[in-house]
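Everything on this sheet refers to the single structure shown next.
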Amino acid sequence: MPYYLYKIGPLNILEKQGQTEGFKEAKAAANELRKQLVPGYAIKMIFAENELAAEDTLSQPRELDHSLAGDDY
């Protein structure tokens, strides 16, 4: 399964930035993209079966882990 790289902008708009087969290549590409990033955007790397699955996973809101919430967090 490949690694997909996405730029996430305002309103959670996804823009595919690339795809690699190995973790090391994906991590290096993500770090390079982050160096050129403007404020308000984020670069995400995701391991997925296909492009549709990657975009679906990135589009879903994440639930708060209540064990991390509190004074110590």
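Every number here is computed from the coordinates shown, using simple stated rules; none is lab data. Not measured: the values here are computed from a predicted model. Note that each Cβ is placed from the backbone with ideal geometry, even for glycine, and that neighbours are counted across all protein chains shown.
Just one of the listed residues (GLY40, GLY18, GLY22) is of a type outside the set (A, V, I, L, M), under 11 Å from TYR3 (Cβ atoms) and loosely packed, with under 12 Cβ neighbours inside 10 Å, namely GLY22. Among the residues of the stretch 10-21, are any among the basic types (Lys, Arg) and more than 24 Å from PRO61 (Cβ to Cβ)? No, there is no match, as no residue in the stretch 10-21 is among the basic types (Lys, Arg) and more than 24 Å from PRO61 (Cβ to Cβ). Here is a check on your reading of the model: is GLN60 within 15 Å of the chain's Cα centre (by Cα) and farther than 13 Å from LEU5 by Cα? It is true that GLN60 is within 15 Å of the chain's Cα centre (by Cα) and farther than 13 Å from LEU5 by Cα.
Tell me, please, whether a residue that is touching a Ser or Thr at 6+ places or on another chain (Cβ under 6 Å) and surrounded by 11 or more Cβ atoms within 10 Å (Cβ to Cβ) can be found in the stretch 47-54.
no
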